[in-house]
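Asker: Could you have a look at this structure, given as structure tokens, before my questions?
Nothing in this text is a laboratory measurement; each read-out follows from the coordinates by a stated rule. As the structure is a computational prediction, the values presented were derived from the model and not from experiment. Methodologically, a virtual Cβ is constructed for each residue, glycine included, from the backbone with ideal geometry; neighbour enumeration extends over all protein chains shown.
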Amino acid sequence: PRRQFAAGAMVPLQYGGAVPQVAETYAFLWSQNVGVPFGDGYLNEWGVAIVSDGCPTGESSDDGIVDGGIGYMLRRLVAERAATARAGVEIAAAVLEQVGYWDSGRTYVIADPDEAWLLSVVHGSRWVAQRVPDDQVVLLPNVHVIDAVDLADSASFRGSADLIEHAVQQGWFDPDAGAPFSFRAAYNWSNDTDARQARGQYLVSGREPDAEPLPFSVRPEAPLTVADVISILRDSQLTALSTEEAAVF
């Protein structure tokens, strides 16, 4: 249910830090894989849903991590505070820039009845978000899939102020090479294609991917139903690949 808090209340975080609490939190449904710290998903009273996938990165800098940072609890804060997916991105980004993210990397999926966004974070305080086109589908394995980023297009992208500058300083992106900035190429721990993403894009679109790197999203032949999504997730080749990837990680 909704809850009310007194002025000055704080939300304790996993490793000793804290962030300010809001005066009132929204009601939500909470699904949890018991004993799995990152196994939580939420759907709140406004229809905002948030889940995530771990996505390792090459970032090791502790820049921006304050009092242990945040990992677990970020999804819950979004569920408690966001009335739209776009607001959820802004809320999560503000917390990340305040205390930093302690794990290697993660992509959060934040959706409401009108929009869906992917919010990708790396170790530290840097992040990027991209809106999913309304007529397309994203397949998210345990790798970052946001590719070319245009932070001037605020309707489709958001990002931390020094996202590109930091990549240049680390030697991960050369602005003079003539190519647009790619978050995936700069920050992913590996640029190898994930077979689950390729298989999933084929199942959605009916076409074998013919480009490297794989596109951020693909257009289905027809709007997907809930049954279609269940069928894709139960695909025998996809689940076999998921087992193989789990063994790697």
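Asker: According to the Kirkwood expression over distinct Cα-Cα pairs, how big is the hydrodynamic radius of segment 102-154, in Å? Numbers along the way, then the final one.
Answerer: Details: mean 1/r = 0.0831 Å⁻¹.
By the Kirkwood definition, the hydrodynamic radius is 12.0 Å.
Asker: Another one. Run the numbers for Val22 and Asp135: contour at 0.36 nm per residue of separation, minus the present Cα-Cα distance, in nm.
Answerer: Values: separation 113, 0.36 × 113 = 40.68 nm, distance 3.49 nm.
Full extension of this stretch gives 37.2 nm more.
Asker: Taking a quarter of the surface of the Cα convex hull of segment 105-247, what do you get in nm²? Spell out each step's value before the answer.
Answerer: On the way: hull surface 38.0 nm².
About 9.5 nm², averaged over all directions.
Asker: Using a Gaussian network for the chain with springs between C-alpha atoms less than 10 Å apart, which of these wobbles most: Ile146, Ile110, Ile91?
Answerer: Of Ile146, Ile110, Ile91, the most mobile in the Gaussian network model is Ile91.
Asker: Sticking with this one: Highest mean first, what order results for 192-205, 213-226 on Cβ atoms within 10 Å? Each step should come with its number before you reach the end.
Answerer: On the way: 192-205: 18.9, 213-226: 13.8.
For the peptides 192-205, 213-226, the packing ranking is 192-205, 213-226.
Asker: Between Gly159, Gly88, Gly16, which gets the highest mean-square fluctuation from a Gaussian network model of the chain, Cα cutoff 10 Å?
Answerer: The residue with the greatest mean-square fluctuation here is Gly16.
Asker: Taking the chain as a Gaussian network, Cα atoms linked when under 10 Å apart, which of Ser104, Ser52, Ser154 shows the biggest mean-square fluctuation?
Answerer: Comparing Ser104, Ser52, Ser154 in the GNM, the peak value goes to Ser154.
Asker: Another question, if that's okay. Quick one: net charge around Gly54, please, counting Lys, Arg +1 and Asp, Glu -1 for every other residue with C-beta under 10 Å from its C-beta.
Answerer: Working: positive: Arg106; negative: Asp53, Asp103.
Taking every Cβ under 10 Å from that of Gly54, the sum is -1.
Asker: Provide the percentage of antiparallel DSSP beta bridges, counting only those with both residues in the chain; round to the nearest 5. Write down the numbers at each step before the final one.
Answerer: Numbers: 37 of 39 bridges.
In the chain, DSSP labels about 95 percent of beta bridges as antiparallel.
Asker: A further question follows. Which three numbers, in whole Å and largest first, are the semi-axes of the equivalent ellipsoid of the chain derived from its Cα gyration tensor as √(5λ)?
Answerer: Details: eigenvalues 159, 109, 60 Å².
The answer is 28, 23, 17 Å, longest axis first.
Asker: On the first, second and third principal axes, largest extent first, how far apart are the outermost C-alpha atoms of segment 1-86 in Å?
Answerer: For segment 1-86, the Cα extents along the three principal axes come out at 38, 29, 29 Å.
Asker: Between segment 174-193 and segment 75-113, what is the separation of their alpha carbon centroids in Å?
Answerer: Using only Cα atoms to place each centre, the spacing works out to 24 Å.
Asker: Below 12 angstrom from the Cβ of Val95, what's the summed charge of the other residues (Lys, Arg +1; Asp, Glu -1)? Mind showing how you got there, number by number?
Answerer: Details: positive: Arg75, Arg76, Arg81; negative: Glu80, Glu90, Glu97.
Computed value for this residue: 0.
Asker: A follow-up question, please. Spin-label point model (7 Å from Cα, Cβ direction): what's the Ala227 to Tyr15 distance in nm?
Answerer: If labels sit at Ala227 and Tyr15, their model points lie 4.7 nm apart.
Asker: Add -39500 (n - 2.57) for each DSSP H run of 4 or more in the chain, then divide by its residues: what number comes out at 222 nm, to the nearest 500 deg cm²/dmol? Working shown, then result.
Answerer: On the way: 7 runs with 67 residues, N = 249.
Calculated from helices alone, the mean residue ellipticity at 222 nm is -8000 deg cm²/dmol.
Asker: Please pull out the direction-averaged projected area of segment 23-167, using the convex hull of its alpha-carbon atoms, in nm² to one decimal place. Show your work: numbers first, answer last.
Answerer: Values: hull surface 35.6 nm².
Mean shadow area of the hull around the Cα atoms is 8.9 nm².
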